[in-house]
Amino acid sequence: MQQKVQTYIQNHQLLVPKERIIVGVSGGTDSVVMLHVLLALGYDCLIAHCNFHLRMDESDRDELFVRTMAQELKVPYYSVDFETTKYAEQHGISIEMAARDLRYAWFYELLYHHDAQAIAVAHHADDSIETMLMNLVRGTGLKGLTGIQPRNHKVVRPMLCCTRLELEEYLVRYDLEHIEDSTNATLDYQRNKFRNEVFPLLAEINPSVRHTLYDSLDRFQGTWAVYQQAIDKMKALIVQVEPGLVKMDIDTIQNHENIPTLMYELLSPYGFGSSLIEQITGQLEGESGKIFFSETHRLLKDRKYLLISKIEGNSVEEFMIFEEDLVIELPFPMKMSRQSITPDFEVSKQSNCVHVDASKLTFPLVLRRWKEGDTFYPFGMKQSKKISDFFINNKLSLLEKEHSWLLVSGNEVVWIVGQRLDNRYRVTNETKEVIELRI
């Protein structure tokens, strides 16, 4: 099985030799086997254990077991204690979700502190097919039928190529000590309900149901890869991403044959569920102004576009840009550079890039939302204009106005970001140096 896991790691480019890995170890079969396999393959492991204090004395027993195992293996060990129930109540989420949030946040802290390459968790093939069925029961698109992915940013799952039976056989073969989580035998959690009730019923219909689902999962993953390429091509024609705003062209959407499927792929990443997407689809030819909400985003049906923005709480609305800055991360990614004027220099005509006369700028610059009363001198004009009037003349929607940002030098507007440069800061024949700002 060790070679099988190594091949899987290489095929999916999950890990590289000689760089540290944060290995999540609970003490159960899955994580103990994963740790043993990774160590046998020569990887530099650091054991990370979470005590969620959900199972009385069992939680402390698990922590002691993992700490002792780490000492015997001479592997670096770290643990953390969480008040999981309190966290769940404070944030209005389930215990399972609270444990997940706390666990991965701490894992990432360890990853950055120890300059590790990845966080390894012990999901296996059975977990993946359980996820596939759970998604199917809840309602999902094709992606939900692909199960658990081998990589999610820095989190890797090297054991997805192995079944639970293979892990249990490995445990016996190498006589590895482990501990049992009592909740695995209960029905307190949805996954355990599928594992302990649903699968035994399916096995009565098809004794080989797990292998059948493993094969189906492989086919779904292959189909998804092909399908995703086609969806990405469609999105490239439909979606425009601007600072704080996503625009989807309604006419282009309506030119496609299967609009409901396309709408699901366009909107589900923003938290819109099937029933809400169906309502939005029904409004594509309706009047503009209708607003829909997911838990994280707001969608406005405009004349030509579906406009999607993130629902934000109270946050800082001004961001300073210093002269030495090269990359600006907030409120949206932007690059800044300084260059001298050369004979072949050309002023940008792109909406996402602007060239400004460097000598006219006063640092630090400020990025902020527009306010009533703001004025500027639109490029090519010698008279000032209210920004609110500029928006009206250019027929900006409510959401587009809300998500418009200004680049300000001193008290003067330099650029309505992505829309119009102020004429006072344009590049002229006297300009010797320019500042380039590129979204």
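Identify which of Q283, Q229, Q339 has the largest mean-square fluctuation in a Gaussian network model of the chain, with springs joining Cα atoms closer than 10 Å.
Answer for the Gaussian network model of the chain: Q339.
Using a Cα-Cα cut-off of under 19 Å, which lysines could be cross-linked to K395, ignoring same-chain neighbours fewer than 8 residues away?
K247, K290, K301, K304, K371, K385, K386
Roughly to the nearest percent, how much of the accessible area of the stretch 1-110 is carbon and sulfur, given a 1.4 Å probe?
Ligands and nucleic acids excluded, carbon and sulfur give 51 percent.
So what's the stretch 10-94 giving for Rg/Rh, alpha carbon basis, Kirkwood Rh from the mean inverse pair distance?
1.05
If we count every other residue with Cβ under 15 angstrom of F379's Cβ, Lys/Arg +1 and Asp/Glu -1, where does the sum land?
Here the charged neighbours net out to +4.
Which residue, R20, R138, R103, tops the fluctuation ranking in a GNM of the chain built on C-alpha contacts under 10 Å?
R138
Which value does Rg/Rh take for the stretch 231-327 over its C-alpha atoms, Rh per Kirkwood?
Rg/Rh: 1.06.
Counting only protein heavy atoms, what percent of the accessible surface of the stretch 130-269 is carbon or sulfur at a 1.4 Å probe?
The nonpolar share, carbon plus sulfur, comes to 54 percent.
Cα centroid distance between the stretch 341-380 and the stretch 223-293, in Å?
The stretch 341-380 and the stretch 223-293 have Cα centres separated by 33 Å.
For the chain, what is Rg from Cα atoms divided by 2.2 N^0.38 Å, rounded to two decimals?
1.23
What is the P(r) of the stretch 26-179, as percent of Cα-Cα pairs per 5 Å bin from 0?
Whole-percent P(r) values from 0 Å outward: 2, 8, 15, 19, 21, 19, 11, 4, 1, 0.
When only alpha-carbon atoms are used, what values of Rg and Dmax, in angstrom, describe the stretch 59-142?
16.3, 46
Taking only protein heavy atoms and a 1.4 Å probe, what accessible area per residue, in Å², does the chain have with all protein chains in place?
On a per-residue basis, the chain sits at 55 Å².
Trypsin sites (Lys or Arg not before Pro), restricted to the stretch 335-439: which are DSSP loop and have at most 13 other Cβ atoms within 10 Å?
The qualifying sites are K349, K371, K382, K395, K432.
Under the Karplus relation 6.51 cos²θ - 1.76 cosθ + 1.60, θ = phi - 60°, what is the ordered set of whole-Hz ³J(HN,Hα) values for the stretch 149-158, x standing for Gly and Pro?
For the stretch 149-158, the Karplus curve yields 8, x, 9, 9, 6, 8, 8, 10, 10, x Hz.
Are any of the pairs K233/K432; K310/K432; K154/K335; K401/K432 more than 32 Å apart by Cα-Cα distance, and if so, which?
Check vs 32 Å cut-off fails for K233/K432; K310/K432; K401/K432.
Give the long-range amide H neighbours of T375: residues separated by 5 or more places, or on another chain, with amide H under 5 Å away, using H modelled in the peptide plane at 1.01 Å from N.
Correct list: I387.
Given the C-alpha centroids of the stretch 131-156 and the stretch 192-206, what is the distance between them in whole angstrom?
Between the Cα centre of the stretch 131-156 and that of the stretch 192-206, the gap is 19 Å.
Taking springs between alpha-carbon atoms closer than 10 angstrom, which of N393, N429, N196 fluctuates most in the Gaussian network model of the chain?
Of N393, N429, N196, the most mobile in the Gaussian network model is N429.
Is it possible to state the helix-based mean residue ellipticity at 222 nm for the chain, with each DSSP H run of 4+ residues giving -39500 (n - 2.57), the sum divided by total residues, to the nearest 500 deg cm²/dmol? What is it?
Calculated at 222 nm, the ellipticity per residue is -11500 deg cm²/dmol.
Out of residues 5 or more away from D422 or on other chains, whose amide H comes under 5 Å of its own, with H placed 1.01 Å from N in the peptide plane?
Those qualifying (amide H under 5 Å, at least 5 residues apart or on another chain) are W415, I416.
Run through all the Cα pairs of the stretch 282-408 and give the fraction in each 5 Å bin from 0, expressed as whole percent.
Spelled out per bin, shortest first, that is 2, 7, 14, 17, 19, 16, 11, 7, 4, 2, 0.
Can you give me the relative contact order of the chain as a percent, contacts being Cα pairs under 8 Å and 6 or more apart?
11 percent
Of S309, L136, Y78, which is farthest along the charge dipole of the chain in the positive direction, counting Lys and Arg as +1 and Asp and Glu as -1 at C-beta?
S309
If amide H atoms are built 1.01 Å from N in the plane of the peptide, which residues on other chains or at least 5 residues away come under 5 Å of the amide H of S397?
Those qualifying (amide H under 5 Å, at least 5 residues apart or on another chain) number zero.
Round to a whole angstrom and tell me the spacing of the C-alpha centers of the stretch 15-78 and the stretch 396-411.
Distance between centres, Cα-based: 50 Å.
The values are calculated or read from the model by the stated rules, or taken from the named source; none is laboratory data. The model shown is predicted, which means the values in this text are computed figures rather than measured ones. Quick reminder, even Gly has a Cβ in these numbers, built from the backbone with ideal geometry, and neighbours come from all protein chains shown. With ligands, DNA and RNA removed, areas are computed over all heavy atoms of the protein, side chains included. Shrake-Rupley method; radii C 1.70, N 1.55, O 1.52, S 1.80 Å.
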